[in-house]
Amino acid sequence: MPDIILAQFEGTTWLVAGVDHLDDLLANTLPPETSFEIVTCRESAEVDALWRYHAGDQADFSHPWAIHPNIVRRLQGLGTGIVVSFSPWSALLDNEAKKSVARVVEAARAQAEAPLRLIGQADPAGGAMPAAMLQMRLQMVEDALVAAGIDRARLHRETRDPSHPGYRDEMTDLIDIHIGNS
């Protein structure tokens, strides 16, 4: 049996088994050997049944934890949950993007030696403009991190195209930032 079981129904994901791993799941500190399974449910009663089965007596006085979609994506290896979002066809950091950069800086300072991977996506089939936009966005994020005191030598760019596992069209206006070697 996996260490963690997540149940998904209509776009929401719940932790139905492995509650003892919740803190590490949320903090992104799960040991690499931690196993997980995502079960797709056809109705909410299936989520409840999984919770009752795995939680035992605890299910009588509690509910499963709803897990943020970014945490699920991170668990699947598709992202860390720390993303910088851009408006379509813009490379400017708006207030929300600046807040995301500040969260990255805080997390990067807590792991002072860890590398930061700045991951962006562009489909070469879209021509030169999407690739150029991605490079401008990566540069803006890089410059903001350096201005906040992060050593540029820690920053590594990665560009994904549709041939990469985890590529998603809906992430083309995001820069996903991984801290550490994962």
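The values are calculated or read from the model by the stated rules, or taken from the named source; none is laboratory data. Note that this is a predicted model, so its numbers are computed, not measured. Positions of Cβ are generated from backbone atoms using ideal geometry, with glycine treated the same way; all protein chains shown enter the neighbour counts. Accessible surface is based on the protein model in full, side chains and every heavy atom, while ligands, DNA and RNA are left aside. Shrake-Rupley method; radii C 1.70, N 1.55, O 1.52, S 1.80 Å.
Annotations for the structure displayed:
- The selection criterion, being in contact (Cβ under 8 Å) with a residue 40 or more places away in the chain, open to solvent by 70 Å² or more (accessible area, probe 1.4 Å) and under 20 Å from His21 (Cα atoms), holds for Trp65.
- Failed item, numbered, when Gly149 is tested on (1) within 14 Å of Ala91 (Cβ to Cβ); (2) exposed (fewer than 12 other Cβ atoms within 10 Å of the Cβ): (1)
- Residues of the stretch 9-38 satisfying the condition of being surrounded by 16 or more Cβ atoms within 10 Å (Cβ to Cβ) and touching a strand residue (DSSP E or B) at 6+ places or on another chain (Cβ under 6 Å): Thr13, Trp14, Leu15, Val16, Ala17, Gly18, His21, Phe36
- Applying the condition of being more than 30 Å from Val19 (Cβ to Cβ) and aliphatic (A, V, I, L, M) to the stretch 73-100 and asking which residue is surrounded by the most Cβ atoms within 10 Å (Cβ to Cβ) yields Val84.
Okay, residues lined up against (1) without any contact (Cβ under 8 Å) to a residue 12 or more places away in the chain; (2) surrounded by 13 or more Cβ atoms within 10 Å (Cβ to Cβ); (3) farther than 30 Å from Trp51 by Cβ; (4) of a type outside the set (Phe, Trp, Tyr):
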| site | (1), (2), (3), (4) |
| --- | --- |
| Ile71 | no, yes, no, yes |
| Ala110 | yes, no, yes, yes |
| Glu142 | no, yes, yes, yes |
| His178 | no, yes, yes, yes |
